[in-house]
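Here's the structure we're looking at; comments come further down.
The values are calculated or read from the model by the stated rules, or taken from the named source; none is laboratory data. Note that the coordinates shown come from a computational prediction; the quantities given were computed from them, not determined experimentally. Please note: Cβ atoms are built from the backbone with ideal geometry, for glycine as well, and neighbour counts cover all protein chains shown. Please note that ligands, DNA and RNA were not included when accessible areas were found on the heavy atoms of the full protein model with its side chains. Shrake-Rupley method; radii C 1.70, N 1.55, O 1.52, S 1.80 Å.
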Amino acid sequence: MATSEIVYSVPGIGCAHCEAAIVAEVGRLADVAEVAVDLDARRVAVSGDRIDDRAVRAAIAAAGYEAER
C-alpha cells in the first residue's frame, strides 16, 4: 500500500507543548505512520496509509488547535 502525506497549516501552534499535544492526538489514529510538527512554519505533516482527513482535523481540534489545508 502506498504511503501518502497531508500537510496542514496550524496557525495556533508555537511551543513544545503544542507539538506534544498534536503528536499525541494524531498519533493515536489508525493508519497514521508519522506526525511531524514544524513549529517555525506552523505546519503539521501527517503520513500513513489511507489517512482520514476528517479524523486528523478532529484530532488536531481535540488537542486544542484548528487545522487548515
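Could you sort 31, 53 by their accessible area in this structure, using a 1.4 Å probe and putting the largest first?
In descending accessible area the options line up as 31, 53.
In a shell of Cβ-Cβ distance under 11 Å around residue 48, excluding residue 48 itself, what net charge do Lys and Arg (+1) and Asp and Glu (-1) give?
-4
For 43, 69, 50, 57, what's the largest-to-smallest order of accessible area, 1.4 Å probe?
So, going from the largest accessible area down, we get 69, 50, 43, 57.
Suppose each label sits 7 Å from its Cα in the direction of the beta carbon; what would the residue 5-residue 36 distance come out to in nanometres?
0.4
Project the alpha carbons of the chain onto their principal axes and report the range along each, largest first, in whole Å.
Dimensions of the chain along the principal axes of its Cα atoms: 34, 20, 18 Å.
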